[in-house]
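Below: the structure, in structure tokens.
The values are calculated or read from the model by the stated rules, or taken from the named source; none is laboratory data. Note that the structure is predicted; figures quoted are calculated from it, not measured. When we count neighbours, we look across all protein chains shown, and the Cβ atoms used for this are built from the backbone with ideal geometry, even at glycine. Areas reflect the complete protein model, heavy atoms only, side chains present, ligands, DNA and RNA absent. Shrake-Rupley method; radii C 1.70, N 1.55, O 1.52, S 1.80 Å.
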Amino acid sequence: MYNDEQNLYHYTYRRDGSETGEQSAGARPTVDEQLHAYQTGPQRPVQEMKPVKKNHLGLKITALALCCALIGGAVGGGTVWAVSRGGGEKTSVNVSSRPATQVSINTVDGKTEMTDAEVYAANVNSVVSINVTGTSGTNFFGQPVQTASAGSGFVLTEDGYIVTNYHVVENADTVKVTMYNGDEYEAKYIGGDEDYDIAVIKVEATGLQAVTLGNSTALNVGDHVLAIGNPLGELTFSMSGGMVSSVNRAINVDGTPFNMIQTDTSINPGNSGGPLLNSCGEVVGIVSAKYSSYASETVEGLGFAIPINDVRSMIEDIITNGYVSNKPYLGITPMSMTAQMAAQYRYDVDSGVFVCSTEEGSAAEKAGLKLGDVILKVDDTEIATYEDLVAAKKQYSAGDSATLTIYRAGETIEVDIVWGAAPADQTASGGSQEQTQDNSQSGGNYYTDPYDLFDYFFGNQYR
């Protein structure tokens, strides 16, 4: 606090402002007395206060830097917004003025590589969304249970033939197809094959944009591929990209062996039946399956597509005949050989395909196959299980020749065969390639119980 008779601006540390000694004991001067003493007393020199000179150089540098930034942003194709903040301060936001990239809609010629955006533009009008309704059994009250599912497909011909997976339209009551432009059609089931998971449906339309089929055998591991489809049945006409992880990958889907293209392209439920495209915009595969888990492990990036070369002729066959007329057929009732069977029958082999019966007039009977034979090889392909035999047959068509290596009565021999054609009633319904039920009506010998087979082939001498 300031309190002094000679100088009003003297500081004391006392809280009440009083001073010690005589001065504090005397009467406090009045205001007039203090003013008179100040006017008549000794005067201190008055210090002249000069205005502070502003640093204009710093402002000039700041302005110059801002101008350079503005000019640089304009040259780079951007603009600057000035934004005021509290206290009068300003800041800037850079906004690009680059025009949108123009995507060309190219014609797929199999020679010109395209960007991903160009591949999408060239094919999205050929991809369709498929919604299926059906029935599956009955409920507690005996009423049919309505089901609904979704998938994808692609337009193969301008007059409305569409390719998809067999499992997408299997047992469907109604099939509705939606095009990219929003047009909807009721589709008719033409035919399909469960063993190859392919199907053909048709809509009544003309002038549709069809895809161009490529060469799946030309794919290499590492090639870039794209998938367009209907993931989750809701995210229609989505595209995902990746690369070929493996070619000729043998996998088993619900007990059926398939030769597949493996890819890390994102594939989800609803993508089934859609096209897998190469960088030239050609269809090289039909998206079919995805592993989301294996045993107890969660996996990622394991998608699979059916090579288009494996099924091209079958698709054409379905369009022409309603089923795969050139599907190879052996005409046996098969059973995978096991170590238990080998011990029971005293065989020297514990793997392969055991021949339970042969059909009258079939390729197997004509080649001389007999009950009790075990198929070990088809040409150079090793056969350990029935699934191996199914996979091996997919490399042939009806009328093709092959050499079977079989085990018979303790010896290994070779038998030449000519593949027969699968019966129309089986292929039209998507049934199994070989008989798996009693075929005694065709004149073949059929047994399902291993002990019945044992008795037939060896008698009771070892029982």
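Computed quantities for the displayed model
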{"quantity": "Complete set of residues in segment 255-264 that are open to solvent by 10 Å² or more (accessible area, probe 1.4 Å) and either among the charged types (D, E, K, R) or at pLDDT 90 or above (or both)", "calculated": "262, 264"}
{"quantity": "Residue check for residue 254: free of Cβ contacts under 8 Å to residues at least 24 places away in the same chain and farther than 14 Å from residue 217 by Cβ", "calculated": "yes"}
{"quantity": "Some residue of segment 291-300 being closer than 19 Å to residue 223 by Cβ and in contact with a strand residue (DSSP E or B) (Cβ under 9 Å, 6 or more places away or on another chain)", "calculated": "no"}
{"quantity": "Sole residue being open to solvent by less than 40 Å² (accessible area, probe 1.4 Å) and part of a strand (DSSP E or B), chosen from 306, 267", "calculated": "306"}
{"quantity": "Qualifying position, being at pLDDT below 85 and touching a strand residue (DSSP E or B) at 6+ places or on another chain (Cβ under 6 Å), among 137, 153", "calculated": "137"}
{"quantity": "Pairs with Cβ under 6 Å, 6+ apart, first in segment 372-386 and on the phi > 0 side of the Ramachandran plot, second of a type in the set (A, V, I, L, M) and in a strand (DSSP E or B)", "calculated": "379/402"}
{"quantity": "Condition met for residue 332 (open to solvent by less than 40 Å² (accessible area, probe 1.4 Å), touching a residue at least 60 places away in the same chain (Cβ under 8 Å) and closer than 26 Å to residue 193 by Cα)", "calculated": "yes"}
{"quantity": "Any chance residue 133 is over 23 Å from the mean Cα position of the chain (by Cα) and open to solvent by 60 Å² or more (accessible area, probe 1.4 Å)", "calculated": "no"}
{"quantity": "Segment 172-186 residues that are touching a residue at least 12 places away in the same chain (Cβ under 8 Å), paired with ones that are open to solvent by 100 Å² or more (accessible area, probe 1.4 Å) (beta carbon under 6 Å, 6 or more apart)", "calculated": "178/184"}
{"quantity": "So residue 288, is it closer than 13 Å to residue 227 by Cα, open to solvent by 10 Å² or more (accessible area, probe 1.4 Å), in contact with a helix residue (DSSP H, G or I) (Cβ under 9 Å, 6 or more places away or on another chain) and in a loop (DSSP other than H, G, I, E, B)", "calculated": "no"}
{"quantity": "Hits in segment 196-215 (condition: open to solvent by 10 Å² or more (accessible area, probe 1.4 Å), closer than 20 Å to residue 108 by Cβ and either touching a helix residue (DSSP H, G or I) at 6+ places or on another chain (Cβ under 6 Å) or among the small types (Gly, Ala, Ser) (or both))", "calculated": "207, 209, 210, 211, 213"}
{"quantity": "Lone qualifier among 343, 339, 367, 363 - being more than 37 Å from the chain's Cα centre (by Cα) and either under 30 Å from residue 200 (Cα atoms) or touching a residue at least 60 places away in the same chain (Cβ under 8 Å) (or both)", "calculated": "363"}
{"quantity": "Residue within segment 199-213 that is assigned to a loop (DSSP other than H, G, I, E, B), touching a residue at least 24 places away in the same chain (Cβ under 8 Å), under 24 Å from residue 300 (Cα atoms) and not aromatic (Phe, Trp, Tyr) present", "calculated": "no"}
{"quantity": "Residue within segment 216-238 that is among the hydroxyl-bearing types (Ser, Thr, Tyr), open to solvent by 60 Å² or more (accessible area, probe 1.4 Å) and under 30 Å from residue 425 (Cα atoms) present", "calculated": "no"}
{"quantity": "Hey, residue 160 open to solvent by less than 10 Å² (accessible area, probe 1.4 Å), over 17 Å from residue 277 (Cα atoms) and touching an Asp or Glu at 6+ places or on another chain (Cβ under 7 Å) or not", "calculated": "yes"}
{"quantity": "Qualifying position, being among the aromatic types (Phe, Trp, Tyr), in a loop (DSSP other than H, G, I, E, B) and open to solvent by 10 Å² or more (accessible area, probe 1.4 Å), among 180, 189, 185", "calculated": "180"}
{"quantity": "Given (1) over 30 Å from residue 167 (Cα atoms); (2) at pLDDT below 85; (3) open to solvent by less than 70 Å² (accessible area, probe 1.4 Å); (4) under 34 Å from the mean Cα position of the chain (by Cα), index of the condition residue 98 fails", "calculated": "(3)"}
{"quantity": "All positions within segment 381-420 that are under 21 Å from residue 313 (Cα atoms), open to solvent by 50 Å² or more (accessible area, probe 1.4 Å) and within 35 Å of the chain's Cα centre (by Cα)", "calculated": "395"}
{"quantity": "Residue in segment 359-380 that is open to solvent by 20 Å² or more (accessible area, probe 1.4 Å) and touching a Pro at 6+ places or on another chain (Cβ under 6 Å) present", "calculated": "no"}
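The rows are residues; the columns are (1) touching a Gly at 6+ places or on another chain (Cβ under 6 Å); (2) closer than 27 Å to residue 107 by Cβ; (3) part of a loop (DSSP other than H, G, I, E, B).
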position: 301; (1), (2), (3): no, no, yes
position: 316; (1), (2), (3): no, yes, no
position: 356; (1), (2), (3): no, no, no
position: 361; (1), (2), (3): no, no, yes
position: 365; (1), (2), (3): no, no, no
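This table checks each residue for (1) surrounded by 12 or more Cβ atoms within 10 Å (Cβ to Cβ); (2) closer than 19 Å to residue 187 by Cα; (3) not aliphatic (A, V, I, L, M).
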site	(1), (2), (3)
103	yes, no, no
110	yes, no, yes
115	yes, no, yes
122	yes, no, no
129	yes, yes, yes
141	no, no, yes
145	no, no, no
154	yes, yes, yes
